[in-house]
Amino acid sequence: MKAASRFRTLAGAALASSALLGAPALAAEKASFNEAAAKATFKRNDCGKCHAPDRDKKGPALQNIAKEMRGKPDAEDKVIKNLTTNPKVKLLDSGKEEEHKAIDTKDTKEIKNLVAWILSQ
Ligand code: HEC
């Protein structure tokens, strides 16, 4: 009887500590970006008119953007700038120059979430 209750205590402690260890790891993973939210921002802003994940349209494929930015320490800043300062860009299909669309929100968290998703492609 005594041994069994000690076992239960041990098992309980192991479960509790794995829950404690597991929770922060999961939270950190989720904090990197929320895909559904990023896609919603992308859709609401009509970004898909010019950008697809895996092929060039009027703008480069998100995968090409991510590839080009990979490993650059200022990648996030560069993309945020692109989305908030209307830089001149050349449309890939016509070569026409126009101002890049600015994102419709000033919510830094939402913008960073979108950028993290783009850079993960
Ligand atoms: C009218 C077409 C068009 C729309 C709409 C558009 N883009 Fe772009 N985007 C472009 C073009 C063209 C480029 C630049 C291509 C180049 O110069 O290499 C570009 C570049 C980018 C880049 C790369 C920035 C860099 O520094 O290299 C990102 C990221 C991006 N767009 C995201 C978005 C997002 C997010 C949206 C929606 C808010 C959006 N785009 C809407 C056409 C568009």
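Here are the numbers:
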read-out	value
Residue count for the range 39-97, restricted to those that are within 7 Å of the ligand (Cβ to nearest atom), in contact with an Asp or Glu (Cβ under 7 Å, 6 or more places away or on another chain) and under 20 Å from A116 (Cβ atoms)	1
The range 41-55: number of residues that are without any contact (Cβ under 8 Å) to a residue 60 or more places away in the chain, exposed (fewer than 15 other Cβ atoms within 10 Å of the Cβ) and outside any loop (DSSP other than H, G, I, E, B)	3
Odd one out for I111 among (1) within 6 Å of the ligand (Cβ to nearest atom); (2) open to solvent by less than 30 Å² (accessible area, probe 1.4 Å)	(1)
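The values are calculated or read from the model by the stated rules, or taken from the named source; none is laboratory data. What you see is a predicted model; the values in this text were computed from it and never measured. We place every Cβ from the backbone using ideal geometry, glycine too, and count neighbours over all the protein chains shown. Areas reflect the complete protein model, heavy atoms only, side chains present, ligands, DNA and RNA absent. Shrake-Rupley method; radii C 1.70, N 1.55, O 1.52, S 1.80 Å.
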